[in-house]
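All remarks here apply to the structure that follows.
The numbers here are math on the coordinates, done by the rules we state, and not lab data. As the structure is a prediction and not an experimental result, all values here were calculated from the model. Here the Cβ is made from the backbone with ideal geometry for all residues, glycine too, and neighbour counts use every protein chain on show.
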DNA sequence: AGTGAAATGACCCGAGA
DNA sequence: TCTCGGGTCATTTCACT
């Protein structure tokens, strides 16, 4: 599937998507054509999902992270589907995972401050199939990376 | 600080960093020069941290997410600094937050499977100032977004 | 799978409103 | 701050190895 060159391309583009094909080619001791074709292949085959700009949450007033743990008392396929669809549409929810634990879901929510989290929770309480179990406030971010180990 | 045009540029680049300045200019009914200058300003002033390729974790054998909750029994500045430095260097740890809760830290760990998480935990156990409190296995990902609400 | 070259198009920087 | 125009450089394709 992937050879050493592909992995190196992925590693470099995960760190900096603005690298030019020429720069990548130099780093890999190749010309631009094979690098170009490999990138297109990695995109087409789904190794690269997307290229994005990472915005500093603090600078745009979304510096507070809160984890929201919710449980689903009536655990049906329909409830699961409906809830997950709603969550995917909530812009404050950056991440959501279905857990094998005491609570069913964990949501990572990005807000301006605790006051804004309070109003988020109120709107969240309208969703009938889940119950908020607990909220955990983040004191500070230690690490945030989008770079998958290869 | 930021006007409506800046916010629209940030929103678009968060969704797709491969948009050309020309495409952005068309979307905003401007010419390329002001768009170019605004982007440079947003980068220089720290609104845009980075441009990255998002790699599909499943495709490269890192499809299993596990949350690792750890506590720090001896809570000193030195222990905090040392631990956070170690964590930032661990490639399996994608995210780490200092919490205001029952446990002191939550780590989001990306591994191939539970077997690999087991070996991660063993190496983690060598770190003297923390104690693994619990591990929560993810059944499936519901949402993962890097797009901050503007 | 790779090279090298050539056309197309994007980026970037002036001058000017 | 914006528009316009042009020089420079990157991307993309193609013929060949």
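Relative to the first principal axis of the alpha-carbon coordinates of chain B, what is the inclination of helix B:77-89, with its axis defined by its Cα atoms, in degrees from 0 to 90 and to the nearest 10?
Once rounded, the angle reads 70 degrees.
Using only Cα positions of region B:35-89, each an equal point scatterer, no hydration layer, compute I(q)/I(0) via Debye at q = 0.28, 0.31 Å⁻¹ and quote the log10 values to two decimals.
The Debye formula, applied to the Cα set alone, gives -1.07, -1.17.
From the label point of residue A:49, set 7 Å from Cα along Cα→Cβ, how far away are the matching label points in the other copies, in nm, ordered shortest to longest?
Relative to the other copies, residue A:49 has label-point distances of 1.6 nm.
Multiply the residue separation of residue B:28 and residue B:126 by 0.36 nm, subtract the distance between their alpha-carbon atoms, and state the gained length in nm to one decimal. Walk me through the numbers on the way to the answer.
Working: separation 98, 0.36 × 98 = 35.28 nm, distance 5.37 nm.
Roughly 29.9 nm would be gained on extension.
For a distance above 37 Å, tell me the whole-number percent of Cα pairs in the protein assembly as shown that qualify. Don't jump to the answer; show the numbers that get you there.
Working: 8706 of 44850 pairs.
Considering the protein assembly as shown, 19 percent of its Cα-Cα pairs are separated by more than 37 Å.
What 222 nm value per residue comes from the helices of chain B, counting each DSSP H run with n ≥ 4 as -39,500 (n - 2.57) and dividing by all residues, nearest 500 deg cm²/dmol?
Values: 5 runs with 57 residues, N = 150.
One gets -11500 deg cm²/dmol as the mean residue ellipticity at 222 nm.
Taking only C-alpha pairs under 8 Å that are 6+ residues apart, what is the relative contact order of chain A in percent? List each step's numbers first, then the result.
Details: 148 pairs, mean separation 41.4, N = 150.
With pairs under 8 Å counted, the relative contact order is 28 percent.
Compute from the Cα atoms of chain B the Rg and the Dmax, the latter being the longest Cα-Cα distance, and quote both in angstrom.
Radius of gyration, then largest Cα-Cα span, for chain B: 20.2, 58 Å.
Mind checking the log10 I(q)/I(0) for region B:74-129 at q = 0.18, 0.21, 0.28 Å⁻¹? Debye, one equal scatterer per Cα, no solvent, two decimals.
After summing over all Cα pairs, the log10 values are -0.66, -0.88, -1.33.
What does a probe at residue B:7 reach in region B:33-62, counting residues whose amide N is under 12 Å from the point 7 Å along Cα→Cβ?
none
Report, as an integer, the average count of C-beta atoms from other chains found within 10 Å of each Cβ along A:88-97.
Details: counts 3, 1, 2, 5, 2, 4, 7, 9, 5, 13.
Partner Cβ neighbours, averaged per residue: 5.
Roughly how far apart, in whole Å, are the Cα centres of region B:25-75 and region B:96-117?
21
Using the Kirkwood radius over C-alpha pairs as Rh, can you work out the diffusion coefficient of region B:4-44 via Stokes-Einstein at 37 °C, viscosity 0.692 mPa s, in µm² per second?
Values: Rh = 9.9 Å.
In µm²/s, the coefficient rounds to 331.
Taking the mean number of other Cβ atoms within 10 Å as a proxy for protection, how do you rank A:55-61, B:111-117, A:66-72 from highest to lowest? Don't jump to the answer; show the numbers that get you there.
Numbers: A:55-61: 18.0, B:111-117: 15.3, A:66-72: 19.7.
The most tightly packed comes first, giving A:66-72, A:55-61, B:111-117.
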